[in-house]
Amino acid sequence: MTAAAIDRRALPPPPGRHGIARRLSDIILRRRGLLLACLLIPPLLWLGIIYLGALFTLLAHSLFSIDEFAGTIIYQPTLKTFGELLRPANLDIVLRTVGLATVVTLLAAVIGFPVAWYAARYARGRAKALFYLAVMMPLWSSYLVKLYAWKLLLAKEGAIGWVAARLGLGGVIDAWLSLPLVGGPSLSVSYTGMVLVFLYLWLPFMILPIQAALERVPASMLEASSDLGARPGQTFRTVVLPLAMPGVVAGAIFTFSLTLGDYIVPQVIGTSALVLGQAVYMQQGVAGNLPLAAAFAVVPIVVMVIFLTVAKRVGAFDAV
Amino acid sequence: MRSDPKRSDPNRASLPLKLGAGFGILFMHLPLGFIILYAFTTEERSYAFPPPGLTLKWFAVAWERQDIRDALGLSLQVAAIATVAALVLGTLAAGALSRFRFFGREPVTLLLILPIALPGIVTGMALRTAFGVADIPFSFWTIVLGHATFCIVVVYNNAVARLRRLNPSLIEASMDLGGNAFQTFFHVILPNTATALLAGGMLAFALSFDEVIVTTFTAGQQSTLPIWMLQELVRPRQRPVTNVVAVLVIIATFLPILAAYYLTRGGEAVEGSGK
């Protein structure tokens, strides 16, 4: 755009010095604080009232308890409901969910890193655009469709079983499923299936921030490392990985948080053992125990606040 | 330059890296292909692979189903209104945070990302509890309220990235030439950020169109398309019809993504960013 063209667009007919727009404009511009307030207040009101308000209502409910006989909420602050979280059955749910989220996050980082590294450093021009789309597409395609695709794949008569049988690997799957913890009656009713689906769902959320972080690593730095005699592996460990860390942490925020709060995947695929999300859903719906549901929901909040605080320290937000 | 000619070229990817990247991409795309295949299967009751035969009849069956049309209609309406709300609020926030340094800036940024940084179940559960306390009955609007809340950040992210690249001297020039705040906004800022806003809007639309966890908490009797699909997943009635709907959803999300990509791709060429 040439300067002349900009002039024409930025310069409508000479404005009347005393028009209402002009006067309003003068007021806004003279006081920067007023302009800031105009910009900031609507979103702040929305998020402050609707979102924070709801969040505090939730927190407040976790401090109430339920009358076991009448099933009504006793509106008196108590830590009793939080105490209930420590019951073995409930604690199990919390620990299982956090463990699951950790495994999913670590695997996502391991699988996502090569994709991000390739896209950031080696893909050029058309290939780069293709890579970007290849990651964006699954990121934005429907969550339920993706889950549904895995139900098709993991089903006993489904594609994975068929391919395994053709390759003579049916025994391998059976052996894996007979293992404790990771196994189960079938792939679609096991932790293995659940982890696979979570991985699949969140992988793009891991790749994009890592790629963003890696794109800021100058190639000259890698050349310098190589010139100074570092082997590729050394360069990776001492230069690339530390610089990519903010991206990895940013990606981990998404994958961890998303796994922590999901109750749909475990409902469709996975074992009968509950995860946190299911516990929240059941307590508020079927059981009608709103305080306990709220207390369960506070767990991911606490976990994520800790996570975000640590993430901020390592500068993860600059990479998002 | 490299001193050791035997060492591999650092600008070429090694084979393991290529394999790793290829595996990752394949892992992300193969399952979607199966959905498309299954939409044409003649097998009605199981997920048998390979499909015994192929047919187009399920597309016709799905087209006739009133429950699917209703769910689709509701989803589109919710997404449209949530997107408009998010566009307004997200853009305002981006305007404030990209140009001003003020007290409390960091907490505001955190507040913006919180609805997506915290698990969906927290947002859903919080809204449901609040609606209960405030005695607000579940309706179309409670769904919109929830969706708009987490869509704001998507618009914000797109808008703030573009605004930061927008050369401030353009705005100063407009002011120097006598443009008032509104003229500067409509003739300088808006044209330069329009594509980013459009992209943000489309992504917000896609996000709302697909949202299920928050919706299960904020919807009463209505079902959006994802809720409809979830019901089919838990208690399948006519599997091939679900497959067809899944394919339609893939197409419906693919197009906005592609459009958003092309709109932001030229984003480096913001006017005045050359210098």
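Pairs from the list A:Lys156/B:Lys57; A:Lys151/B:Lys57; A:Lys80/A:Lys151 with a Cα-Cα gap above 29 Å: A:Lys80/A:Lys151. Would you mind classifying the range B:93-151 by shape? Square roots of the alpha carbon gyration tensor eigenvalues, ordered a ≥ b ≥ c; an a/c under 1.5 is rounded, otherwise it is prolate if a/b is larger than b/c and oblate if not. Prolate, because a/c is 1.5 or more and a/b exceeds b/c. Hey, quick one: spin label on A:Ala70, modelled 7 Å out along Cα-Cβ, who in the range A:277-293 has an amide N within reach, i.e. under 19 Å? A:288-292, by backbone N distance to the label point. What the Cβ-Cβ distance of A:Leu228 and B:Leu15 gives, at R0 = 30 Å and to the nearest 0.05, is a FRET efficiency of 0.75. Of the solvent-accessible surface of the protein assembly as shown, computed with a 1.4 Å probe over protein heavy atoms with every protein chain present, carbon and sulfur atoms account for 68 percent.
From the residues A:Tyr118, A:Ala108, A:Leu154, which one has its Cα farthest along the dipole of the range A:79-163 in the positive direction, the dipole being from +1 and -1 charges on Cβ of Lys/Arg and Asp/Glu about the Cα centre? Value: A:Tyr118. Phi angles across the range A:134-146 convert, under the Karplus curve 6.51 cos²θ - 1.76 cosθ + 1.60 with θ = phi - 60°, into 3J(HN,Hα) values of 5, 8, 5, 4, x, 4, 9, 6, 4, 4, 5, 5, 5 Hz, Gly and Pro given as x. Checking the a/c ratio against 1.5 first, then a/b against b/c, what shape does the Cα gyration tensor give for the protein assembly as shown? The shape class here is oblate. Solvent-accessible area per residue in the range B:59-157 equals 40 Å², computed with a 1.4 angstrom probe and all protein chains kept. Phi angles of the range A:171-181 translate, via the Karplus equation with coefficients 6.51, -1.76, 1.60 and θ = phi - 60°, into HN-Hα couplings of x, 4, 4, 4, 4, 4, 6, 7, 5, x, 6 Hz per residue; Gly and Pro are given as x. Oblate is the label for chain A. Its Cα gyration tensor axes, ordered a ≥ b ≥ c, give a/c of at least 1.5 and b/c at or above a/b. Excluding ligands, DNA and RNA and using a 1.4 Å probe, chains A and B jointly bury around 9200 Å² of accessible surface, summed across both partners. Here the range A:150-244 is treated with +1 on each Lys and Arg Cβ and -1 on each Asp and Glu Cβ, and its dipole about the Cα centre works out to around 160 debye.
This model, with +1 at the C-beta of Lys and Arg and -1 at the C-beta of Asp and Glu, gives the protein assembly as shown a dipole about its Cα centre of some 1560 debye.
Note on A:Arg31 and A:Ala89: the extension gain reaches 15.0 nm, defined as 0.36 nm multiplied by sequence separation minus the Cα-Cα distance.
Accessible area per residue for the range A:132-284 is 37 Å², calculated with a 1.4 Å probe on protein heavy atoms, without ligands, DNA or RNA.
Scalar couplings 3J(HN,Hα) for the range A:263-273, obtained by applying the Karplus form with A = 6.51, B = -1.76, C = 1.60 to θ = phi - 60°, are 10, 7, 4, x, 6, 8, 10, x, 7, 7, 5 Hz; x denotes Gly and Pro. Multiplying the residue separation of A:Lys156 and A:Ile20 by 0.36 nm and subtracting their alpha-carbon distance yields 41.8 nm.
Taking amide H positions as modeled 1.01 Å from N, with prolines and chain starts lacking one, the residues under 5 Å from A:Ile74 and 5 or more places away or on another chain are A:Ser65, A:Ile66, A:Asp67. Can you tell me which of A:Leu91, A:Leu63, A:Leu179 moves the most in a GNM of chain A? Springs connect C-alpha atoms under 10 Å apart. Sorting by GNM fluctuation, first place goes to A:Leu179. Packing here is the average count of other Cβ atoms within 10 Å per residue, and on that basis the peptides B:63-75, A:104-116, B:217-229, highest first, run A:104-116, B:217-229, B:63-75. Choose one of A:Gly270, A:Ser220, A:Val299: the residue whose Cα lies farthest towards the positive end of the charge dipole of the range A:200-320 (beta-carbon charges +1 Lys, Arg; -1 Asp, Glu; about the Cα centre). Positive-most Cα among the choices belongs to A:Val299. When the Gaussian network model of chain B links Cα atoms closer than 10 Å, the mean-square fluctuations of B:Val234, B:Val78, B:Val88 top out at B:Val234. Placing dummy labels 7 Å off each Cα toward the beta-carbon, the span from A:Leu106 to A:Met221 is 2.7 nm. Full extension of the chain between B:Asp67 and B:Ile136 yields a length gain of 22.2 nm, computed as 0.36 nm times the residue separation minus the alpha carbon distance.
The values are calculated or read from the model by the stated rules, or taken from the named source; none is laboratory data. The model shown is predicted, which means the values in this text are computed figures rather than measured ones. Don't worry about glycine lacking a Cβ; one is built from the backbone with ideal geometry, like all the others, and counts go over all protein chains shown. With ligands, DNA and RNA removed, areas are computed over all heavy atoms of the protein, side chains included. Shrake-Rupley method; radii C 1.70, N 1.55, O 1.52, S 1.80 Å.
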